[in-house]
Every structure is written in structure tokens, then in C-alpha cells.
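Okay, so here's the structure we're looking at.
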Amino acid sequence: MKRLPVERFARQLPQAKTDSVRNASAQKTQSRLTALASSFYNSEEARTQAAQIKDEVLDNLPELQGQLVQNCKRNGVQVHFAKDSAEANQIILDICKRVAPDGGIVVKAKSMATEEIHLNHHLEEAGYEPVETDLGEYVVQIDHDTPSHIVTPIIHKNRKEIASSFERENLGPYTEVPEELAMQARVKLREKFKNAKIGISGVNFAIAETGRIVLIENEGNNRLSTTAPYVHIALMGIEKMLAHESDLPLFLKLLAGSATGQQLTTYIHLISGRKREDEADGPSEVHLVLLDNGRSRVMEGPYRDILRCIRCGACLNVCPVYRQASGHAYGHVYSGPLGAVLAPALEGIDKLGHLAKASTLCGACEEVCPVKIPIPNMLLKLRDEATRIGAIKDPVQWGIYATGATKPGPWRLGLSLLPMASKIAPHPMKTGWGEFHELPHREGRAFRDWWKSEETSPHDGGVGGGQGGGASAESQDKDDHPTAYNSPLAPDPWQTFESKLTSLGGRMGTLEELPTKVAFLDPDLPNIPNLETTNDVWQADIGITLADFAIAETGSVVLSAGNNRARLASLTPPTHVVLVKEIVATLEEAFARITDRTSVIITGTSRTADIEGVLVRGVHGPKELIVIRQE
Amino acid sequence: MKVQLMLTCLCDAFFGEVGIAAVKVLQHAGCEVIFPESQTCCGQPPFNAGDWKASRKIAEHCLTVFDPAIPIVTPSGSCAAMMREGYHLLWPDRPHTKCYEVGEYLVKHLGITEFQSKLQNPNSKLKVAFHRACHGRGLGLTDEQERLVASLPNIEIVPFAQAEQCCGFGGAFAATHGKLSSGIGDEKLKNVIDSGAEVLVSGDMGCLMHLNGLIQKEKLPIQTKHYLQVLAEAIA
């Protein structure tokens with residue numbers, strides 16, 4: 001029997017890799033549950049809402065895209081269309097060549113879309129030095145590997161392997177301590193951020209009504225890549241739109257909860273175009289590249305629902321096959337249940353339809369999907385289509401089986417012989433089954449014989465004598481809460497804020513107790529006595545900024561551009577001190593009041609869990625976050 | 001209350017006792033059980049394999065065997081899901097077949113949530129790990145079967161790690177993807193054995209046949225049983 005690729009890969013995968021993937025996946029599946037339970041009264045209802053919203057986006061894609069393009073242009077963002085990978089690569093290379101004709105560093109934030117078009121390869125061929133700046137993606141790049149998970153690219157590696165790679169690349173003395181490894185990467189990549197003229201990112205959401213590009217992350221590398229260089233290029237699949245900013249609270253919570261088990265990710269970057277006159281930093285050019293690459297075709301067919309996907313990776317984490325096989329087994333950028341549908345849908349069922357076979361159809365993926373994609377049903381449809389076009393061949397002749405199964409007489413005879421037949425005749429199912437299993441044998445009485453004897457003898461009083469009742473007893477556990485989200489708040493929002501902030505690695509503080517270090521101050525801050533200051537944001541030990549307001553339920557602070565403030569002040573110094581006067585209760589209220597300037601929602605310190613799931617704070621952004629409440 | 005029993009091909013070929021237990025439990029609950037003898041297969045094997053043409057042929061036969069006016073019950077979540085949801089994929093225009101997993105029918109349609117045990121020694125508790133077969137998800141089932149078993153005084157349900165994970169059977173998947181399937185199954189069995197359970201109980205003979213095949217091959221210290229057998233023994 002010819003084995004299919006995913007099984008073939010799993011057979012040569014060392015047990016240690018399976019263990020790495022399985023343990024990390026199980027951990028993430030568990031933290032997802034906890035996070036969603038704390039974010040939503042009724043996460044089931046939240047998922048239903050999100051699925052409907054994404055469906056409406058797909059229904060109205062051309063109109064929304066028109067709106068998005070218009071609003072991006074108004075914001076000074078240049079929009080490009082790429083019908084396929086080749087066009088997308090060409091558009092990006094053309095921009096690079098104009099901005100940096102002699103080559104140079106291109107810093108990259110983590111992006112599956114750029115993986116999909118194999119952008120790094122094209123950049124390298126054209127003489128550029130693409131540098132992946134997400135810790136996990138960086139490890140993948142220096143190892144000449146590929147990501148094995150769409151959110152956690154090095155889920156298949158342990159700390160020893162990462163330590164060896166860092167030592168080989170001369171990042172510092174050999175260490176297996178995740179925090180030290182993260183610091184070595186921080187130091188190395190700082191130089192790249194400073195010297196790059198070009199930063200490239202993906203897009204988590206683009207908002208049609210405002211033209212805003214939304215990026216989420218935990219490390220700070222994404223904000224650095226899209227803020228420090230002269231030009232920012234964002235590559236986005238055409239389906240990753242939302243109509244309204246008011247849709248964001250639901251999606252941001254669902255995505256963070258499903259992907260990493262957080263209420264919100266540390267940074268939510270809301271990009272409203274290029275640097276303006278009253279802004280101290282930010283890219284002078286922002287480009288948005290809209291990538292089709294097969295999506296319009298998928299939109300018209302039976303796999304359209306897969307385009308609701310927001311790339312959280314929850315279906316990978318919960319999938320028993322993914323846990324055994326790892327992402328590399330799928331041989332495609334998109335792996336796991338999501339990949340088993342999206343990869344063949346985008347690239348052809350003739351080429352990748354076999355991926356649909358690598359599933360037990362257990363349905364766990366659909367159960368955790370934040371946008372309720374019916375993945376199992378789509379896998380079934382894919383199997384049917386792949387069989388019809390001859391892309392996959394089953395070892396069993398089902399036509400013959402069907403003929404037998406529609407003739408009750410021969411069927412009964414066949415079944416009665418099966419327990420014996422399976423012991424003698426070699427056939428494909430037996431070889432496959434018998435390698436790991438004992439063959440089944442008949443246990444106890446045969447049902448049909450028993451039934452015949454029952455029919456001829458009187459029943460032993462069972463009929464009519466039970467406890468049956470006629471009424472249907474469908475359970476009615478309806479939730480009374482009016483909306484699917486919002487968490488109960490303590491009466492004092494600042495109290496809620498402080499407890500959240502503390503749990504996220506931040507703390508409340510006062511101006512008086514600031515350490516005597518060199519600080520970079522936002523220009524609109526009042527003078528703070530006894531503080532040594534610098535004008536170089538890259539050199540500062542402390543960045544002190546104002547926040548527009550705080551958000552109680554998530555422990556976040558919201559900062560916006562303008563008044564000659566520097567975005568990097570909240571990012572490059574190891575300590576970020578933020579002064580804030582006002583507070584709102586919920587994320588929904590926050591979105592009602594956030595300005596239309598480029599903004600960031602900061603929730604806790606910069607962090608990563610890329611190395612064996614161990615939490616490290618301060619990887620690219622600040623390790624310390626001190627919030628000072630101003631009366 | 002008349003019901004038609006869909007035996008399933010696995011119980012027809014190998015596990016007759018499960019079919020017998022289903023009849024006993026349904027009769028105890030006050031049902032009159034009909035067994036249409038010309039039934040064969042629900043069509044799920046070719047359906048899952050991707051041969052929908054062959055599957056439609058079998059499904060057509062299956063639909064002629066059963067009376068559409070009388071509920072169909074079956075001791076397997078996956079066969080129930082095939083007849084109710086799978087047929088709807090084969091023919092989106094036709095209504096959903098009135099087919100239910102036995103426990104689903106008892107709990108959701110007859111409102112039965114507990115059984116009285118007639119066992120002599122109800123105080124000696126049997127430690128049971130209950131594996132919820134995945135096709136319950138397709139039927140919208142949660143703890144219906146488990147609740148029925150837990151209602152017996154002689155049963156102690158013990159929790160085990162990663163309980164929501166699949167057993168790795170997946171029909172033909174267990175043969176075509178043997179390494180993956182057995183790897184998933186071994187993980188399940190390890191978690192069950194670590195829990196201290198004496199018996200692994202579930203509601204689908206597909207899962208149990210697969211797990212038993214692994215248990216026997218690897219000589220693992222755990223037994224398996226269909227939940228309807230546990231109920232039937234208690235009420236006998």
C-alpha cells in the first residue's frame with residue numbers, strides 16, 4: 001500500500017519532536033479555554049457572531065474592498081493589487097528597488113502571507129537581506145527551516161536546539177535559559193531594526209470604513225518593523241477585512257484567546273497611514289498589497305467558508321493528527337486542519353487533495369474554531385472531489401462494496417464469514433490494520449441469531465414496562481446575558497485595571513520613585529525634575545509617554561500619534577513609563593473613543609513564549625511597564 | 001414508543017452483544033424495538049473514503065429499509081451522524097433522517113437520565129473512564145451517555161487527561177494512516193491507564209475495536225466495554 005505523505009512524514013519523525021508538538025499544543029488548547037471563559041460570558045455566542053460578521057464580509061467583498069482602498073488612499077497609504085504570488089513579489093521588489101537600490105536589510109514581522117508567496121527567497125535573489133524578527137521566525141530562518149505552526153513557528157524545537165543554533169550564529173555564549181536566548185536575539189536584531197530602510201508585515205485585519213491596518217503581536221518586533229524603517233509594506237490576503245472598527249473588540253479577544261490564551265495580545269497596532277508632520281517617527285511611505293492568489297476562485301466554490309479563517313491556530317493545537325505529525329508533515333505553509341482545506345483549495349485539489357485524508361474527522365477543529373468553519377464537512381467534500389478527479393485512490397474498491405451492501409442476502413453471508421476471512425485473506429486493510437492492531441474477533445452471540453430466537457419466544461416483560469415518557473426533554477440551558485462579551489467589572493475601574501496590569505507583568509508607580517536612569521520624554525510631557533534625559537530614543541533606559549486613556553477590563557493603555565510624540569518611546573527603551581488620567585471600562589468603549597491617528601493598545605509587557613512555551617518578558621519591547629495615574 | 005434498530009455493520013459482524021444490550025436497554029425504557037432484517041451498512045465507509053457515488057448507492061438502500069415515520073436508533077454516534085448529517089451532505093435538498101444514537105434518544109427524546117441497578121452488590125464500585133466518541137460532536141451530544149452510566153450506583157467515573165481528544169480510529173484512517181492512528185490511540189490509552197480506571201467505556205464500537213486492537217497487540221492492562229453493555233448488565 002502506498003502511504004500518503006502525512007503518514008509517511010510521521011513515520012520518520014523522532015519521538016522527541018512529536019512530544020514537543022504534543023505538549024505545547026495541549027498546553028495551548030487548555031489556555032484557550034481559560035482565556036475565552038474570562039473574555040466572554042458565552043463564547044459560543046461570540047463564535048457565532050464572529051462567523052456571521054466574516055460571512056457578511058465575504059458576501060460584500062468587492063464593495064468593502066472599494067471602501068478600504070478609498071480610505072487607505074485618504075490616509076496616504078498606497079494600495080496595490082496582486083493576482084498571484086509572482087505579482088505580489090514583483091510589487092514588493094519594485095518598492096524595495098526604488099527605496100534601496102543597492103540592497104540592504106529588510107526587517108520582517110511574522111506573516112503567513114509572505115510565507116505563502118515565498119517572499120524571503122525572492123528578496124534574497126534580488127540582493128536584499130530579509131531578517132525575520134519574530135523570535136520563532138528568526139530561529140526558523142537561521143536554521144534554514146520552515147515554520148511548523150502558523151502562530152508558534154518553532155513548536156517543534158526544544159531549547160537545546162535553539163541554544164546550539166544561537167551559539168553557531170555567534171549570538172553569545174551558549175545558554176539554554178529562554179530569557180538569555182531571547183536577550184541575545186534582542187541585541188542582535190536591534191541593529192537590524194536601526195539600519196533597515198524597509199519593513200514588511202502581514203495584516204491581521206484591515207478596516208474598510210477607516211482604512212486602518214490592524215496588527216497584533218506580543219514581542220514588539222512587529223511594531224518596530226512597521227515604525228522604524230523608512231517604508232512599511234503590508235501584505236494582506238483579500239479576505240482579511242472587517243467592515244467596522246466596532247467589530248474589532250470581538251475579533252481581537254477571540255483571536256488572542258484562541259491563538260495564545262491571552263485576553264488581548266500585548267500590542268494592538270492600529271495604523272492610519274504614513275508619518276504625518278506632527279509625528280516624531282513612523283514610516284514615510286506605507287504600502288498595502290492586496291493578495292488574491294486563488295482566493296477569488298475559492299470564494300466561488302464549496303470551500304468558501306475557509307476564507308473566514310483568522311489564523312489563530314486553535315485547530316492545529318487541538319488536532320490529534322497535527323499533534324502526532326507536526327506542521328511539516330503537511331508540506332505546505334498552511335498546516336493542520338486549516339491547511340488540509342486551505343492548501344488544496346488555493347493550490348489545486350489535484351496536487352494537495354490528499355491532505356484531506358490525513359484526518360480522523362473527529363471534529364475538534366470545528367469545535368474550537370473562533371469563526372465556526374465546518375472543517376470536517378469540507379474535508380469530506382474534498383475527499384469526494386479528489387476521488388472523482390482521480391487525485392486520490394482508496395485501497396478499497398468501494399463500488400464492489402456498495403454492490404454487496406445493497407444485497408441483504410450476500411451481505412449477511414459476507415458478514416458472517418468476515419471474522420474468519422479477516423484471518424486468512426491478505427488485503428490492503430488487513431496489512432494496514434494489522435501492523436499496529438490485533439484483528440477483531442467475534443465476541444459473544446451473533447445479533448441476528450439472538451434476534452430470531454427472541455422473536456419466537458415471548459418477551460420478558462420489557463415492552464411497555466419501562467420508565468419512558470413521551471415528552472422531549474431538550475435541554476434549555478439558555479444564557480440570559482444580553483451580549484456575548486464583556487466581563488463583570490469591579491466597581492472601581494482603576495482597581496480592575498491595576499489587578500489586570502499586575503497579572504500582565506506591569507505595575508502602578510509614581511514619578512517620584514523612578515530609577516535614576518537616562519530617559520526619553522514625550523515632548524508634550526511636563527518637565528520632570530532630577531531626570532537625566534536624551535533625545536535618542538534608541539539610547540534611553542526609560543521611555544516616558546502620555547496615554548490617551550486606560551482600559552479597565554483588559555489592563556491596557558492606549559497611545560496615539562501626534563503632538564510630535566515618538567512611537568518608539570513606548571517600544572525601544574527597556575522600561576516604559578506611561579502617564580494616564582482617564583479610564584474606560586471595556587474594549588468596546590475604547591474603540592468608540594480611540595482617535596483616527598495611528599494608535600497602539602498596549603496590554604502588559606513585551607513577551608514571547610516561543611521557546612518551549614516558557615514566558616519571557618521584554619523580548620523586543622520593554623520588559624518593564626509602569627503606569628502612573630495622574631489626578 | 002416504536003423505534004427501529006440500526007445495528008451497524010461492526011455489531012452485525014463482530015459485536016452482537018452490543019446490539020443485544022441496545023435492545024434490552026430500549027425495551028427497559030419502554031420502547032418497542034423493530035429490527036428490519038434487510039439492513040446492511042449506512043454507507044459511511046465509502047463516504048469517509050471519498051467515494052460518494054458508492055456511498056449514495058448504499059444510503060439509498062438504507063433509506064428503503066427503514067420506515068421514515070418511525071425513529072431509527074443505533075448504538076453508534078458515527079452511524080447516527082452519517083444517516084442524519086452525512087446523508088444531508090450527499091443530498092442537501094432532502095430532509096435530515098430521523099436517526100439517533102441510543103443514549104441521545106433516551107436522554108433527549110424520552111427524558112430518561114438515570115437507570116436503577118439490580119446488581120446484588122452495588123457498593124463495590126467499578127472505576128470507569130468514559131471516552132466520549134467524537135461523532136457525538138456532529139450530533140450535538142455532550143455528556144448524555146456518560147450521565148446514564150454515572151447514574152448507576154456501582155459505577156465511579158474517573159477523570160483522565162486530554163479526555164476530549166480523539167482515539168485515533170477515524171475509520172479506514174486506522175489502516176491507511178496506521179502510525180498516526182496508533183500514536184493517537186496509544187496516547188489515549190496511556191492517559192486512561194494513568195487515571196487508575198479498570199474499564200474504558202465508550203459509545204462507539206469503531207473506537208473500541210481500534211483501541212482493543214492496540215490493547216491486545218501491546219498487552220496493555222485495561223479492558224473496554226460499550227456503555228450499553230454496562231447499562232444492560234445493571235438492569236438485567
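The values are calculated or read from the model by the stated rules, or taken from the named source; none is laboratory data. These numbers come from a predicted model, not from an experiment. Cβ coordinates were reconstructed from backbone atoms using ideal geometry, including for glycine residues, and neighbour counts include every protein chain displayed.
Going by what's in this entry, would A:His144 be described as over 19 Å from the mean Cα position of the chain (by Cα) and over 20 Å from A:His287 (Cβ atoms)? Spelling it out, A:His144 is indeed over 19 Å from the mean Cα position of the chain (by Cα) and over 20 Å from A:His287 (Cβ atoms). Look at (1) at positive phi; (2) under 19 Å from the mean Cα position of the chain (by Cα) and you find that B:Arg137 fails only one, number (1). The residues on offer are B:Ala81, B:Ala49, B:Ala54, and the sole one that is touching a Pro at 6+ places or on another chain (Cβ under 6 Å) and buried (at least 24 other Cβ atoms within 10 Å of the Cβ) is B:Ala54. Please determine whether any residue of the stretch A:597-613 is among the β-branched types (Val, Ile, Thr), touching a Pro at 6+ places or on another chain (Cβ under 8 Å), modelled with pLDDT under 95 and surrounded by fewer than 20 Cβ atoms within 10 Å (Cβ to Cβ). There is no residue in the stretch A:597-613 that is among the β-branched types (Val, Ile, Thr), touching a Pro at 6+ places or on another chain (Cβ under 8 Å), modelled with pLDDT under 95 and surrounded by fewer than 20 Cβ atoms within 10 Å (Cβ to Cβ).
If you go through the stretch A:346-353 one residue at a time, do you hit one that is under 20 Å from the mean Cα position of the chain (by Cα), more than 10 Å from every other protein chain (Cβ to nearest Cβ) and not acidic (Asp, Glu)?
There is at least one residue in the stretch A:346-353 that is under 20 Å from the mean Cα position of the chain (by Cα), more than 10 Å from every other protein chain (Cβ to nearest Cβ) and not acidic (Asp, Glu).
Note on the stretch B:10-41: residues that are hydrophobic (A, V, I, L, M, F, W, C), more than 7 Å from chain A (Cβ to nearest Cβ) and farther than 23 Å from B:Gly111 by Cα total 1.
Please verify whether A:Gly555 is over 23 Å from A:Glu245 (Cα atoms), among the small types (Gly, Ala, Ser) and at pLDDT 95 or above, treating the condition exactly as stated. For A:Gly555, the condition - over 23 Å from A:Glu245 (Cα atoms), among the small types (Gly, Ala, Ser) and at pLDDT 95 or above - is not met. Here A:Gln539 meets the list (1) assigned to a strand (DSSP E or B); (2) without any contact (Cβ under 8 Å) to a residue 24 or more places away in the chain almost entirely, failing just condition (1). Among the residues of the stretch A:143-163, not a single one is at pLDDT 95 or above, crowded, with 20+ Cβ neighbours inside 10 Å and among the charged types (D, E, K, R). Note on the stretch B:204-236: residues that are over 23 Å from A:Phe436 (Cβ atoms) and not in a helix (DSSP H, G or I) amount to 1.
Taken across the stretch B:99-113, residues that are aliphatic (A, V, I, L, M), without any contact (Cβ under 8 Å) to a residue 60 or more places away in the chain and not in a loop (DSSP other than H, G, I, E, B) do occur, with at least one present. Within the stretch A:617-626, track down each residue that is assigned to a strand (DSSP E or B) and surrounded by fewer than 23 Cβ atoms within 10 Å (Cβ to Cβ). Those that are assigned to a strand (DSSP E or B) and surrounded by fewer than 23 Cβ atoms within 10 Å (Cβ to Cβ): A:Arg617, A:Glu624, A:Ile626.
For the stretch A:306-332, the tally of residues that are of a type outside the set (D, E, K, R), touching a residue at least 60 places away in the same chain (Cβ under 8 Å) and in a helix (DSSP H, G or I) stands at 15.
With the requirement that a residue be surrounded by fewer than 24 Cβ atoms within 10 Å (Cβ to Cβ), of a type outside the set (D, E, K, R) and either touching a strand residue (DSSP E or B) at 6+ places or on another chain (Cβ under 8 Å) or within 10 Å of chain A (Cβ to nearest Cβ) (or both), what does the stretch B:190-205 give you?
Of everything in the stretch B:190-205, those that are surrounded by fewer than 24 Cβ atoms within 10 Å (Cβ to Cβ), of a type outside the set (D, E, K, R) and either touching a strand residue (DSSP E or B) at 6+ places or on another chain (Cβ under 8 Å) or within 10 Å of chain A (Cβ to nearest Cβ) (or both) turn out to be B:Ser195, B:Gly196, B:Ala197, B:Val199, B:Ser202.
For the residues A:Leu418, A:Leu413, the requirement of being within 8 Å of chain B (Cβ to nearest Cβ), free of Cβ contacts under 8 Å to residues at least 40 places away in the same chain, of a type in the set (A, V, I, L, M, F, W, C) and assigned to a helix (DSSP H, G or I) singles out A:Leu418.
Counting only helices (runs of 4 or more DSSP H) that sit wholly inside the stretch B:1-68, those with at least 1 residues that are in contact (Cβ under 8 Å) with a residue 24 or more places away in the chain and of a type in the set (S, T, N, Q) are B:44-49, B:52-65. Here B:Pro71, B:Pro75 are screened, and the one residue that is surrounded by fewer than 24 Cβ atoms within 10 Å (Cβ to Cβ), over 20 Å from A:Pro376 (Cβ atoms) and touching a helix residue (DSSP H, G or I) at 6+ places or on another chain (Cβ under 7 Å) is B:Pro71. Between a first residue in the stretch A:424-440 that is among the acidic types (Asp, Glu) and a second residue that is surrounded by 13 or more Cβ atoms within 10 Å (Cβ to Cβ) and modelled with pLDDT of 85 or more, which pairs have beta carbons less than 6 Å apart while being 6 or more apart in sequence or on different chains? Correct list of pairs: A:Glu435/B:Gly178; A:Glu438/B:Gly213; A:Glu438/B:Gln216; A:Glu438/B:Lys217. When the stretch B:146-192 is filtered for residues that are over 26 Å from B:Leu106 (Cα atoms) and polar (S, T, N, Q), the ones remaining, listed by number, are B:Gln162, B:Thr176, B:Ser181, B:Ser182, B:Asn191. From the list A:Arg311, A:Arg388, the one residue that fits, being surrounded by fewer than 21 Cβ atoms within 10 Å (Cβ to Cβ) and within 21 Å of the chain's Cα centre (by Cα), is A:Arg311.
Taken over the stretch B:195-212, the criterion of being in contact with a helix residue (DSSP H, G or I) (Cβ under 7 Å, 6 or more places away or on another chain) and either among the charged types (D, E, K, R) or more than 21 Å from B:Leu10 (Cα to Cα) (or both) is satisfied by B:Asp204 alone.
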